[in-house]
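Bear in mind these aren't lab numbers, they're just calculated from the coordinates by the rules spelled out. Keep in mind it's a predicted model, so treat the numbers as computed, not measured. Neighbour counts run over all protein chains shown; Cβ positions are idealised from the backbone, glycine included.
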Amino acid sequence: MPELARFFGIKVMMYAFDNRQHHLPHIHVQYQDDEAVLELPNGNLITGDLPSKKLRMVQTWIDIHEEELMQCWDMAINGHDLSPIEPLR
């Protein structure tokens, strides 16, 4: 599973061909023992849980990189390699 970014202990990933279970663009996020799936491009929580401060950080990152994330989604569902995206600083 390609890692798109890592910041403040948060790991953001996107799976190739991962449109069967959730049927919409999304990312997978891990922070310590918490995992969540967030919808793109709006950042809504689909499943899982993150601490509220970390969730807001990821949602801010999504807002900043919306266009890049949607391009990555198109590439991922077509089986192409993904490039990392600038982390939140």
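Assuming a viscosity of 1.306 mPa s and a temperature of 10 °C, what translational diffusion coefficient in µm² per second does Stokes-Einstein assign to the chain, Rh being the Kirkwood radius over Cα pairs? Diffusion coefficient, whole number: 125 µm²/s. Taken as Cα centroids, the stretch 74-88 and the stretch 27-47 sit 16 Å apart, rounded to the nearest whole angstrom.
Within a Cβ distance under 10 Å of ALA36, other residues only, what is the Lys/Arg minus Asp/Glu net charge? With Lys, Arg at +1 and Asp, Glu at -1, the net is -2.
Computed over the chain, relative contact order equals 30 percent, with contacts defined as Cα pairs under 8 Å that lie 6+ residues apart. For the chain, the longest principal axis of the alpha carbon atoms and the long axis of helix 52-64 meet at an angle near 40°.
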